[in-house]
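Data first, discussion second: the structure below is written as structure tokens.
The values are calculated or read from the model by the stated rules, or taken from the named source; none is laboratory data. The structure presented is a predicted model; accordingly, all values stated were derived computationally and were not measured. Cβ: placed from backbone, ideal geometry, glycine included. Neighbour counts: every protein chain shown.
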Amino acid sequence: MNERTVYEYAVVRVVPRVEREEFVNVGVALYCKKKKYAQVKIYVDEAKCRALYPEIDLELIKKHLDSFQYICVGDKRGGKLAALELPERFRWLTAKRSTLIQCSVTHPGLCVEPEETLQELFDKLVL
């Protein structure tokens with residue numbers, strides 16, 4: 001039987017000019033405590049980002065997003081933050097901040113397989 005379990009997710013956003021509060025959804029971070037799962041899917045639509053700010057440094061943005069992914073999955077390339085316990089990493093990544101990379105508020109849901117749910121959210125909210 002496929003048991004549904006609680007998960008949390010947040011939309012990852014690029015905010016090219018923080019003072020304007022405009023953003024482009026570039027990913028989804030999902031955490032499921034029961035399945036011991038945390039993952040983020042990222043896709044940067046360069047045209048959308050440049051539409052908001054033509055001078056945006058996309059290489060810098062991509063480096064920050066790489067770090068975001070490393071931290072989320074606990075990859076040592078993410079530095080000391082990647083060594084935190086899984087729930088702490090997810091909470092740190094999704095904390096409110098005013099930088100080029102921001103997350104939406106965290107939303108809960110129920111899923112059977114977190115990987116499938118992550119893909120569904122990614123398709124719906126980013127692509």
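Structural remarks
- Complete set of residues in segment 35-88 that are part of a loop (DSSP other than H, G, I, E, B) and β-branched (Val, Ile, Thr): 44, 56
- Which numbered condition residue 65 misses (of (1) surrounded by 14 or more Cβ atoms within 10 Å (Cβ to Cβ); (2) in contact (Cβ under 8 Å) with a residue 12 or more places away in the chain; (3) out of contact with any strand residue (DSSP E or B) (no Cβ under 8 Å at 6 or more places or on another chain)): (3)
- Single match in 41, 34, 48 (criterion: in contact (Cβ under 8 Å) with a residue 12 or more places away in the chain, surrounded by 15 or more Cβ atoms within 10 Å (Cβ to Cβ) and of a type in the set (D, E, K, R)): 41
- The one condition in (1) outside any loop (DSSP other than H, G, I, E, B); (2) more than 14 Å from the chain's Cα centre (by Cα) that residue 27 fails to fulfil: (2)
- Checking each residue in segment 89-127 for being assigned to a helix (DSSP H, G or I) and of a type in the set (Lys, Arg) picks out 89, 91, 124.
- Only listed residue being surrounded by fewer than 18 Cβ atoms within 10 Å (Cβ to Cβ), touching a helix residue (DSSP H, G or I) at 6+ places or on another chain (Cβ under 6 Å) and either farther than 19 Å from residue 105 by Cα or modelled with pLDDT under 95 (or both), chosen from 57, 75: 75
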